[in-house]
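Colleague: Handing you a structure now.
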Amino acid sequence: MAKSSINILKNCAGFSHNDRSEKKQPEYFLPVEFRKENEFDRNGIEAQKLLDSYIKEAKENYKKETGQKFQGRVLNFEAVVNLNQNHTMEDLKKLNENIEKEFGFRAVQTAIHRDEGHIKDGRPIYNYHAHIVFDWMNYDTGKVANSTMMI
């Protein structure tokens, strides 16, 4: 049986890291000849626009709910999920749906990375994983989620 984990980060690697549009390539990328195709459900610009719309919605709902100005500071978080070579975007879509159903967090961007790892004895050792950026707000009340609600 495969082992699995999700690591939660308050600070995101960044939408451009996830969709691979960033200019600087990290050292942990495999040599080009070993890289496999990455996937993402929306590019960094689309993801930022979606997050901005969620933040706007949360601010409006918070104002309606409390009569106060929005207080949130950390408005999203990123989950890094280890995968194997057979996992698909459909698998992550199901995970995102379950997390939204259970905790109310909405996925803003999901990306599968198949281009990271290292070389051992001339062969690639892949670090298959996904980055999922979630909003951190209760969209009904506009309140930022309590850290004790972490997955």
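The values are calculated or read from the model by the stated rules, or taken from the named source; none is laboratory data. What you see is a predicted model; the values in this text were computed from it and never measured. A quick note on method: Cβ atoms are made from the backbone with ideal geometry, for glycine too, and the neighbour counts reach across all protein chains shown. Heads up: the accessible areas ignore ligands, DNA and RNA and are worked out on the full protein's heavy atoms, side chains in. Shrake-Rupley method; radii C 1.70, N 1.55, O 1.52, S 1.80 Å.
Colleague: Per q in 0.25, 0.28 1/Å, what log10 I(q)/I(0) does a Debye calculation on the alpha-carbon atoms of the range 25-78 return?
Modeller: -1.02, -1.10
Colleague: What Kirkwood radius, in Å to one decimal, follows from the Cα pairs of the chain?
Modeller: 16.6
Colleague: So what is the relative contact order for the chain, in percent, with contacts set as C-alpha pairs under 8 Å and at least six apart?
Modeller: Relative contact order here is 33 percent.
Colleague: Taking θ as phi - 60°, what are the ³J(HN,Hα) couplings along the range 117-124 by the Karplus curve (6.51, -1.76, 1.60), each to the nearest whole Hz, with x for Gly and Pro?
Modeller: Rounded to whole hertz, the list is x, 8, 9, 10, 6, x, 10, x.
Colleague: Run the dipole for the chain about the Cα centre, Lys and Arg Cβ at +1, Asp and Glu Cβ at -1, nothing else charged, and hand back the magnitude in debye, nearest 20.
Modeller: The dipole magnitude comes to about 420 debye.
Colleague: According to a simple spin-label model (label point 7 Å from Cα along Cα-to-Cβ), what is the distance in nm between SER16 and ARG35?
Modeller: So the two model labels end up 1.6 nm from each other.
Colleague: With a 1.4 Å probe and all protein chains left in place, how much of the accessible area of the range 27-132 comes from carbon and sulfur atoms, in whole percent?
Modeller: Roughly 47 percent of what the probe reaches on the range 27-132 is carbon or sulfur.
Colleague: Now for a different question. Using a Cα-Cα cut-off of under 28 Å, which lysines could be cross-linked to LYS143, ignoring same-chain neighbours fewer than 8 residues away?
Modeller: LYS10, LYS49, LYS56, LYS59, LYS63, LYS64, LYS69, LYS93, LYS94, LYS101
Colleague: Also, I was wondering about something else. So what is the accessible area of the range 12-151 per residue, in Å², with the probe set to 1.4 Å?
Modeller: Per residue, the range 12-151 has 60 Å² of solvent-accessible surface.
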